[in-house]
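Worksheet: the structure to be examined is printed underneath.
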Amino acid sequence: MKEIKAIIQPFMASKVIDALREIPELPGITVSSVKGFGRGRAENAKHKIIEDSIEYAMKTKLEIVVADHLVEKVVEIILKNAHTGNVGDGKIFIYTVDDAVRIRTGERGEEAL
Ligand SMILES: Nc1ncnc2c1ncn2[C@@H]1O[C@H](COP(=O)(O)OP(=O)(O)OP(=O)(O)O)[C@@H](O)[C@H]1O
Ligand SMILES: [Mg+2]
């Protein structure tokens, strides 16, 4: 199992989520509003906030845990739908997940996804 964490432009989020929803085997997505900065330090960010005189770009974070065989498909769909070609388009990080538990049933691992 892998977790795909994508930090994307908020105005691209619904396009990306819509496309991901079309994958029948996609188990789920967690979506959060986040703030941060990349190499450009949010200077040219479209939507930014200043907190304690630090500039942050507003971003949307997607967290998706999938079986290994779905990773490339999910990454490809995010890339295709989140890309504008401008700075601040975001990043995708991929991690190995040790285990998962469905609280209702106690199922473990891929069964729990
Ligand atoms: N190395 C990192 N670790 C953690 N979060 C990051 C990292 N790089 C970027 N982020 C997060 O992703 C958001 C988008 O990053 P961004 O796309 O601006 O990266 P970048 O390296 O500056 O690339 P670009 O040149 O396309 O702007 C940042 O606002 C930050 O929240
Ligand atoms: Mg940047």
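The values are calculated or read from the model by the stated rules, or taken from the named source; none is laboratory data. In this text, all values refer to a predicted model and were calculated from it rather than measured experimentally. In case anyone asks, the SASA skips ligands and DNA or RNA and just uses the protein heavy atoms, side chains included. Shrake-Rupley method; radii C 1.70, N 1.55, O 1.52, S 1.80 Å.
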Where a Cα-Cα gap under 17 Å defines reach, which aspartates and glutamates qualify for LYS35, not counting those fewer than 8 residues away within the same chain?
GLU43, GLU51, ASP52, GLU55, GLU63, ASP89
Across the Cα atoms of the chain, what radius of gyration and what greatest pairwise Cα-Cα distance (Dmax) are found, in Å?
15.6, 47
With a 23 Å threshold on alpha-carbon distance, the violating pairs from LYS2/LYS46; LYS15/LYS91; LYS48/LYS73; LYS46/LYS80; LYS59/LYS80 are LYS2/LYS46; LYS48/LYS73
Given backbone amide H placed at 1.01 Å from N, residues whose amide H is under 5 Å from that of ALA100, ignoring those fewer than 5 places away on the same chain, are GLY109
Accessible surface of region 2-112 [probe 1.4 Å, protein heavy atoms]: carbon and sulfur percent
49
Backbone HN-Hα couplings from phi across region 98-103 [Karplus 6.51/-1.76/1.60, Hz, Gly and Pro as x]
6, 6, 9, 9, 8, 4
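Can you give the Kirkwood hydrodynamic radius of region 1-51 from its Cα pairs, in Å with one decimal? All intermediate terms of the calculation are to be shown ahead of the outcome.
Numbers: mean 1/r = 0.0759 Å⁻¹.
In region 1-51 this quantity evaluates to 13.2 Å.
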State in Å² the accessible area per residue of the chain; use a 1.4 Å probe, count heavy atoms of protein chains only, and round to the nearest integer.
66
Calculate, in nm to one decimal, what LYS80 and ASP98 gain on full extension: separation in residues at 0.36 nm each, minus their alpha carbon distance.
3.7 nm
So for region 22-73, what percent of the C-alpha to C-alpha distances run longer than 14 Å?
61
For region 2-112, give the share of DSSP beta bridges that are antiparallel, in percent and rounded to the nearest 5; count only bridges with both residues there.
100
Can you give me the angle between helix 71-82 and the longest principal axis of the chain, using Cα atoms only, in degrees from 0 to 90, rounded to the nearest 10?
30
Give the relative contact order (percent, whole number) for the chain; include only Cα pairs under 8 Å separated by 6+ residues.
42
